[in-house]
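Okay, structure first, notes after.
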Amino acid sequence: MDRIHAYKGNFRFEAVWFTADNGVTKVAVFGIDIYNWHRLGDEVLGRPQGCIGSYGIEGDIIPDRASVATARELSFRYNEPLNPFEE
């Protein structure tokens with residue numbers, strides 16, 4: 001996981017790259033937290049939700065030394081809220 005933590009921990013960006021199912025597109029999935037702003041929004045399933053996103057690039061363009069996902073699969077429940085920074 002690539003991490004950028006700044007402003008005494010009040011800004012967090014975490015991301016990882018993987019190859020999409022088409023075998024060509026490289027995708028970055030990321031989470032962002034700025035001053036715990038996720039607590040300002042509406043709650044989903046009774047809990048605040050974090051900011052997550054993704055973007056894709058065609059071809060073998062991944063930043064140097066970027067973290068790349070492995071083929072390892074982790075189980076999770078589909079009804080779990082998506083909060084990237086929940087501990």
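Values quoted throughout were computed directly from the atomic coordinates according to the rules given, and no laboratory measurement underlies them. Because the structure is predicted, anything quoted here is derived from the model rather than measured. When we count neighbours, we look across all protein chains shown, and the Cβ atoms used for this are built from the backbone with ideal geometry, even at glycine.
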Checklist outcome for this item: Once normalised by the length of segment 1-77, the mean sequence separation of its alpha carbon contacts under 8 Å that are 6 or more apart gives a contact order in percent of 30 percent
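Give me the percent of DSSP beta bridges within the chain that run antiparallel, rounded to the nearest 5. Could the numbers behind the result be given before it?
Values: 23 of 24 bridges.
In the chain, DSSP labels about 95 percent of beta bridges as antiparallel.
Can you give the net charge of the other residues whose Cβ lies under 13 Å from the Cβ of residue 4, counting K and R as +1 and D and E as -1? Could the numbers behind the result be given before it?
Working: positive: 3, 12; negative: 2, 14, 33.
With Lys, Arg at +1 and Asp, Glu at -1, the neighbours total -1.
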Checklist entry - According to the Kirkwood expression over distinct Cα-Cα pairs, how big is the hydrodynamic radius of segment 2-58, in Å? => result 12.9 Å
